[in-house]
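A.B. asks: One structure follows; several queries about it will come next.
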């Protein structure tokens, strides 16, 4: 569990002008992941690559959602 000071720090970071740049970099990285082909030599390798990609994207988005949630508590 985060302390009040840590939540305040997150809130200040999110409110800073630089935060938009961080969010943009994250979104560009997600787009880059989506653009990469997940086709592999077998159906299982393709499935694995697709699931890994989906997991990476979900992890990035969940992390940013958690930061926003923590800043509002």
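Throughout, read-outs are computed from the coordinates displayed, never taken from laboratory work. Owing to the predicted nature of the structure, the values given are computational and were not obtained by experimental measurement. Using ideal geometry, Cβ is built from the backbone for each residue, glycine included, and neighbour counts are taken over all protein chains shown.
A.B. asks: Which entry is the computed Cα Rg over 2.2 N^0.38 Å for this structure: [x] 1.45; [y] 1.25; [z] 1.56?
C.D. replies: Read-out taken from this structure: [x].
A.B. asks: How far apart, in nanometres, would the label points at residue 38 and residue 51 be if each is projected 7 angstrom from Cα along the Cα-to-Cβ direction?
C.D. replies: 1.0
A.B. asks: Helix-only estimate, please: 222 nm mean residue ellipticity of the chain, summing -39500 (n - 2.57) across DSSP H runs of length 4 or more and dividing by its residues, to the nearest 500.
C.D. replies: The per-residue figure over the chain is -28500 deg cm²/dmol.
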